[in-house]
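Notes to accompany the following structure.
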Amino acid sequence: MPKMKTKRAAAKRFRATGAGHFKHARKGKRHNLSNKSRRRKRPLGGMKLVHASDEPRVQRMMPYA
């Protein structure tokens, strides 16, 4: 049986946690930042866990994560 390939687009967007979950960067911090309040931009810098219903899909895209 050949090795499974990792979807490279997913590998660039998601990181696995030690518990086997996945985290991703938040949207909305690329451009038009002058229109957004400081309060709105502050939490956008961190990472967020992938929702439980999306985890199986991400796991299939990244079989070795």
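The values are calculated or read from the model by the stated rules, or taken from the named source; none is laboratory data. This is a predicted model, so every value here is computed, not measured. Reconstructed Cβ throughout: ideal geometry from the backbone, glycine too, with neighbour counts over all protein chains shown. Heads up: the accessible areas ignore ligands, DNA and RNA and are worked out on the full protein's heavy atoms, side chains in. Shrake-Rupley method; radii C 1.70, N 1.55, O 1.52, S 1.80 Å.
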Could you list, in sequence order, all residues of segment 32-48 that are open to solvent by less than 100 Å² (accessible area, probe 1.4 Å) and either touching a helix residue (DSSP H, G or I) at 6+ places or on another chain (Cβ under 6 Å) or not basic (Lys, Arg) (or both)?
ASN32, LEU33, SER37, PRO43, LEU44, GLY45, GLY46, MET47
Assuming LYS29 fulfils every condition listed in (1) under 27 Å from PRO2 (Cβ atoms); (2) more than 13 Å from the chain's Cα centre (by Cα); (3) surrounded by 13 or more Cβ atoms within 10 Å (Cβ to Cβ) apart from one, which condition is it?
(1)
Within segment 34-45, does at least one residue satisfy the condition of being under 29 Å from PRO63 (Cα atoms) and touching a Gly at 6+ places or on another chain (Cβ under 9 Å)?
yes
Checked GLY46, GLY28, GLY18 against criteria (on the phi > 0 side of the Ramachandran plot and not acidic (Asp, Glu)); the one match is GLY28
Report, by residue number, each residue of segment 1-54 that is small (Gly, Ala, Ser) and closer than 15 Å to ALA65 by Cβ.
ALA9, ALA10, ALA11, ALA16, GLY18, ALA19, GLY20
Which listed residue is modelled with pLDDT of 95 or more and in contact with a Lys or Arg (Cβ under 9 Å, 6 or more places away or on another chain), from ARG8, ARG57, ARG15
ARG15
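Residues being small (Gly, Ala, Ser) and closer than 25 Å to PHE14 by Cβ: count how many of those fall in segment 27-44.
Taking segment 27-44 as the starting set, the residues that turn out to be small (Gly, Ala, Ser) are 28, 34, 37.
So of that shortlist, the ones also closer than 25 Å to PHE14 by Cβ come out as 28.
Number satisfying all stated conditions: 1.
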